[in-house]
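The values are calculated or read from the model by the stated rules, or taken from the named source; none is laboratory data. Since this is a predicted model, take the numbers as computed values, not measurements. Virtual Cβ from ideal backbone geometry, glycine too; neighbours counted across all protein chains shown.
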Amino acid sequence: MASTDIPSTDMNAAGLRSDERLERLKLFGLSSPALILVMIILVLPVGWLFYVSFIGADGNFSLENYERMVARKSYMRIFRTTFLVSIMTTGLCILIGYPLAYFLSQLPKKWANIALITVLLPFWTSLLVRTYAWLVLLQKKGLVNEWAMSLGLWDEPIKMVHNMTGNLIGMVHIMLPFLILPLYGAMTAINRDFMKAASNLGASPRRAFWTVFFPLTTPGLFAGALMVFILCLGFFVTPAVLGGGKVIMVSMKIVSNIELFVNWGAASALGVVLLVSTMVILWIASRFLNFDQMTGGGRH
Amino acid sequence: MKKLSILTVSATLLATTAMADKSVTVASWGGSYQEAQSKALFQPAAANTGIEVKEETYGGMSDVRLQVNTGQVTLDIVVSGSGSAARAAEEGLLEKLDYDVIDVSTFIPGTYDDYCLGGDVFSTVYAWNTATVGEDGPQSWADFFDTEKFPGSRAYRGKVAGALEPALMADGVAPEDVYSVLDSEEGIERAIDKIRELKPNIAVFWSSGAQQAQLMKDGEVDMTTGWNGRFDNAKADGAKVAYSFNQALADYDCFAIPKGAPNKDVAMEFLAEISKAEYQDDLPKYITYGPTNKAAYETGEIDPAVAASLPSTPENTAKQLPISLEWYSKWETIAAEMYQEMLTE
């Protein structure tokens, strides 16, 4: 990359090449502490997880932890619920987050900062507290039902919690900032003259938005959506509290398997399957979407 | 002068070694439960025997498994549910208890076994909201499962432990036959089918004792299953809740010694001490769980009004079905997987 920016002639080409090699080596040296750290805290434990998942109850190599997942229908359903919840949460976050980020990006700087603080505010409260707060608000005799019924909006309490609805409300609330922040970053980076130029060339506001503005925000949108999706896959507290015991996600099953089975393998196998299926989904997604864009590499 | 100070130092050293010989580390579940145990059992017993007690909280038998498997055992005594202790014992994680040291002659039968010594008795009961269901709530599991006689929403346990026995009793099985019916996959399926039938009326599958109390206090459901002590606490907190011991499941929490515990012999001695009636009769002052030592009811320390609400009095014991640990060690993992299929449907 760097070499293309520097005018090179035949004379110093070799010298530049060796300089480049040296620089790469230095860069590698600089990043090695991080690489070693990742090795120790990520690669080794994940490798151990793979290994343990193939150890049966009797301590020998066995496929029983995987066979169980095929034999029992509940495992398939739990994985389906996990991915469904993650996809729906990501979708809802985009529906709510995109217009909000757009609104924020159009505000004058001073107001945008204040509004951003309100977006970030939930980050300063513990996830557990926010989850229980939703329980208090949404339950049968909670604030929302009581107010709506006293205002005559509905007569019977609506079941908004201890089910999928409550779980999604809680998760979307927690995940929203993870989508809004990268999206806001991408939107504010767009030169406003682009939109003016589009109008000047005769595009209607709608056309200008879809052909100029929206494509430029996709890197931020993908980055945010990817982050939301991946974080959702590992959710535990929110579905456990707001799902009423009926929304069972993989992390909850991992905990119950640790309590139930005499070996770590029963729980490890679930972790392995979740990791592998997530990687497969991302790989498929990367074939349809430009992955460079997701990581921001496509920006000029 | 110098001689004296050396003497003092060596005397102190001797004293501390003697003290260190007599020390145990006890792990329980924290919260108001451990506070009650600490005030009624651990601290008074420590004061009387000179055994130094270090209290810790822990996450259950998976912690013990980790300690035993890695050979780094730091805990001498752990508090456990009877079922998890039975499974841990099968796995070889616990030391056998020495009943020559520990006197269980006045214990309620079935509240101790080779590896676990009962500390308190609790019951899995059905509770109802007296504001919506009325004072005359369900009086049997059949009533609890009868949505015509008792309309309203229910909460039920999200795990299999204590979930199948009520369903079978509701299905017409006599309490004494429950475990023989459950002794096959068909029997387990029969119980689960009964819960399937009730499922449309089950608003919440609870996962903790705190949740039971909260569901009743906030009026989120009209009826629930749960642990008697939690409902007493909720009631004291202003909840409109009542429960019955009729057909309830009697279970106990117990003390166990992890395999390879550093102070195994002292732990045995300490367990013998805290099992005495003179300590157990203080426990109900702090939490409404019953003593496992029957003699505790005869010391006069437990107020008759309090005694009536405890799960382990002879009158209340007679109404209940004791949990079968053999059944749990044989079937729990299979039943749990089958139960989860019903939950995820």
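Numerical summary
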read-out	value
Among (1) more than 14 Å from chain A (Cβ to nearest Cβ); (2) more than 30 Å from B:S28 (Cβ to Cβ); (3) in contact with a Ser or Thr (Cβ under 9 Å, 6 or more places away or on another chain); (4) not in a loop (DSSP other than H, G, I, E, B), the one test that B:A203 misses	(1)
Answer from B:D120, B:D146, B:D136, B:D114 - the residue that is closer than 18 Å to B:F245 by Cβ and without any contact (Cβ under 8 Å) to a residue 40 or more places away in the chain	B:D136
Top-ranked residue of the stretch B:308-345 - restricted to ones that are more than 26 Å from A:M252 (Cα to Cα) and of a type in the set (D, E, K, R), ranked as nearest to the other protein chains (Cβ to nearest Cβ)	B:E326
Cross-chain or 6+ apart pairs with Cβ under 8 Å, the stretch B:59-71 first and facing another protein chain (nearest Cβ under 10 Å), then among the hydrophobic types (A, V, I, L, M, F, W, C) and in a helix (DSSP H, G or I)	B:M61/B:A85; B:M61/B:A88; B:S62/A:I258; B:R65/B:A88
Helices (runs of 4 or more DSSP H) wholly inside the stretch B:258-345 that include at least 2 residues being buried (at least 17 other Cβ atoms within 10 Å of the Cβ) and over 20 Å from the mean Cα position of the chain (by Cα)	B:264-274, B:325-344
Pick from the stretch B:206-252, criterion within 14 Å of another protein chain (Cβ to nearest Cβ) and β-branched (V, I, T), ranking: surrounded by the most Cβ atoms within 10 Å (Cβ to Cβ)	B:T224
Selection from the stretch A:56-82 of residues that are of a type in the set (F, W, Y) and either surrounded by fewer than 15 Cβ atoms within 10 Å (Cβ to Cβ) or within 14 Å of chain B (Cβ to nearest Cβ) (or both)	A:F61, A:Y75, A:F79
Odd one out for B:S275 among (1) of a type in the set (S, T, Y); (2) more than 22 Å from B:G209 (Cβ to Cβ); (3) at pLDDT below 90	(3)
Helices (runs of 4 or more DSSP H) (entirely within the stretch A:101-165) containing at least 1 residues that are surrounded by 14 or more Cβ atoms within 10 Å (Cβ to Cβ) and within 14 Å of chain B (Cβ to nearest Cβ)	A:127-138, A:143-150
Test set (1) farther than 25 Å from A:Q106 by Cβ; (2) in contact (Cβ under 8 Å) with a residue 24 or more places away in the chain; (3) not polar (S, T, N, Q) - A:L221 fails condition number	(1)
Filtered residues of the stretch A:255-277 (kept if touching a residue at least 12 places away in the same chain (Cβ under 8 Å) and in contact with a helix residue (DSSP H, G or I) (Cβ under 6 Å, 6 or more places away or on another chain))	A:N257, A:W264, A:G265, A:A266, A:A267, A:S268, A:A269, A:L270, A:G271, A:V272, A:L274
Enumeration of residues in the stretch B:90-105 that are within 14 Å of chain A (Cβ to nearest Cβ) and crowded, with 22+ Cβ neighbours inside 10 Å	B:L93, B:L94
Which numbered condition B:W128 fails, given (1) under 15 Å from B:T225 (Cα atoms); (2) surrounded by 19 or more Cβ atoms within 10 Å (Cβ to Cβ); (3) within 14 Å of another protein chain (Cβ to nearest Cβ)	(3)
Residue check, A:A189 in contact (Cβ under 8 Å) with a residue 24 or more places away in the chain and either in contact with a Ser or Thr (Cβ under 9 Å, 6 or more places away or on another chain) or farther than 28 Å from B:Q211 by Cα (or both)	yes
